[in-house]
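Peer 1: Pasting a structure below so you can have a look.
The values are calculated or read from the model by the stated rules, or taken from the named source; none is laboratory data. Since the model is a prediction, treat every value here as computed from it, not as a measurement. Here the Cβ positions follow ideal geometry from the backbone for every residue, glycine too, while neighbour counts run over all protein chains shown. Protein only, heavy atoms only, side chains kept; ligands, DNA and RNA dropped before computing areas. Shrake-Rupley method; radii C 1.70, N 1.55, O 1.52, S 1.80 Å.
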Amino acid sequence: MIENLPNWIDLTFIVTCILTIILFHFSNGKPKKLTLLIIVWSTMQSILAYIGFYQITDSIPPRFGLVLIPTTFLIIYGLLSKQQKWIFEKRETKISTFLHSIRLPVEIVLFGLYTHKMIPGLMTFEGRNYDILMGITAPLIGLLFMKKIISKKALIAWNVVGLILVLFILFNGILSAELPFQQFGFEQPNRGINYFPFVLLPATIVPIVIWTHISDIIKLRKEIKTTTQQGV
């Protein structure tokens, strides 16, 4: 854990991560095995970060690849045809839309890390990170969709914007980390993600957010197509 960091920052982030997993669980038909896998993965990454494994940043290949590479493959695997069928049958879009509310406390935590010189300013809402807009609008969009005030096409558009925003800050975060290909934040690099519990941002929260956006877009598009075909 990061020394001299206020307890509220750690606690807020841990609660946010737990809430993310809970919302994921209930928005996907309560998949016990998948949720257990996420918990085991998060625990393993937490232990590695806690013992300082990721704080060694000059190794070749970079140790942080153990976070980025597996999650990338898991997202791709989760979007294959077989999984798309499961998404179409199990996904509760109303709940998955509310899941993105967790991005508001995440942004508050990131700002706290910035003020303690653990991430660059570009990763906060004062810099290049506009992801806070998704956290603010998610409850409203979710409520409007539940009440059928906005259409599925509008929800798709919102998800596309959210996907772009999270990918944008993800790449900025990676390129400002102390990695061989660092491009930004040299005066104050992205060190926070090398520590527990903040390693769970790229290891757990961001992959869930990205996969939820993409899978919701796929599901909503299929539902619109199916409805159109049935109406013909």
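Peer 1: Hey, can you rank 13-23, 139-149, 75-85 by average C-beta count inside 10 Å, highest first?
Peer 2: On the way: 13-23: 18.4, 139-149: 14.6, 75-85: 12.5.
Per-residue Cβ counts within 10 Å, averaged per peptide and sorted highest first, yield 13-23, 139-149, 75-85.
Peer 1: Would you mind checking LYS33/LYS225; LYS85/LYS225; LYS82/LYS147; LYS90/LYS147; LYS33/LYS152 for any pair whose Cα atoms are more than 25 angstrom apart? Mind dumping the intermediate values first?
Peer 2: Values: LYS33/LYS225 31 Å; LYS85/LYS225 15 Å; LYS82/LYS147 31 Å; LYS90/LYS147 21 Å; LYS33/LYS152 30 Å.
Result: LYS33/LYS225; LYS82/LYS147; LYS33/LYS152 exceed 25 Å.
Peer 1: Let me have the 222 nm mean residue ellipticity of the chain computed from DSSP H runs of 4+ only, each contributing -39500 (n - 2.57), with the sum over all residues rounded to the nearest 500.
Peer 2: -21500 deg cm²/dmol
Peer 1: Which whole-number percentage describes the relative contact order of the chain, with Cα contacts under 8 Å and a sequence gap of 6 or more?
Peer 2: Values: 270 pairs, mean separation 69.8, N = 232.
Relative CO of the chain lands at 30 percent.
Peer 1: Using the alpha-carbon centroid of each, what span in Å lies between segment 157-187 and segment 74-115?
Peer 2: Their Cα centres are 17 Å away from one another.
Peer 1: Would you mind telling me the share, in percent, of accessible area of the chain contributed by carbon and sulfur at probe 1.4 angstrom?
Peer 2: Carbon plus sulfur share of accessible area: 69 percent.
Peer 1: Continuing with this model, one more query. How much net charge surrounds ALA177 when only the other residues with a Cβ under 13 Å from the Cβ of ALA177 are counted, with Lys and Arg +1 and Asp and Glu -1?
Peer 2: 0
Peer 1: Helix 132-146 sits at what angle to the longest principal axis of the chain, using alpha carbons and giving 0 to 90 degrees rounded to 10?
Peer 2: With rounding to tens, the tilt is 20 degrees.
Peer 1: List the relative contact order of segment 129-211 as a percent without decimals, with contacts defined as Cα pairs under 8 Å and 6+ residues apart.
Peer 2: Values: 51 pairs, mean separation 18.4, N = 83.
Computed over segment 129-211, the figure is 22 percent.
Peer 1: With a bin width of 10 angstrom, please list the P(r) values of the chain as percents of all Cα-Cα pairs, from the 0 bin to the one holding the largest distance.
Peer 2: Values per bin, smallest distances first: 7, 33, 35, 18, 5, 1, 0.
Peer 1: Points 7 angstrom from Cα along the Cβ direction at ARG221 and LEU79: gap in nanometres?
Peer 2: 0.9 nm
Peer 1: What is the local net charge at LEU140, summed over the other residues whose Cβ is closer than 15 Å to its Cβ (Lys, Arg +1; Asp, Glu -1)?
Peer 2: +4
Peer 1: I'd like to compare 209-218, 52-61, 24-33: which one has the highest average count of other Cβ atoms within 10 Å, and what's the full order after that?
Peer 2: 209-218, 24-33, 52-61
Peer 1: Right, something else. If a/c stays under 1.5 just call it rounded; otherwise compare a/b with b/c (prolate if a/b is bigger, oblate if not). Do that for segment 1-81, with a ≥ b ≥ c from the square roots of the Cα gyration tensor eigenvalues. Spell out each step's value before the answer.
Peer 2: On the way: a/c = 2.72, a/b = 1.24, b/c = 2.19.
Note, shape of segment 1-81 comes out oblate.
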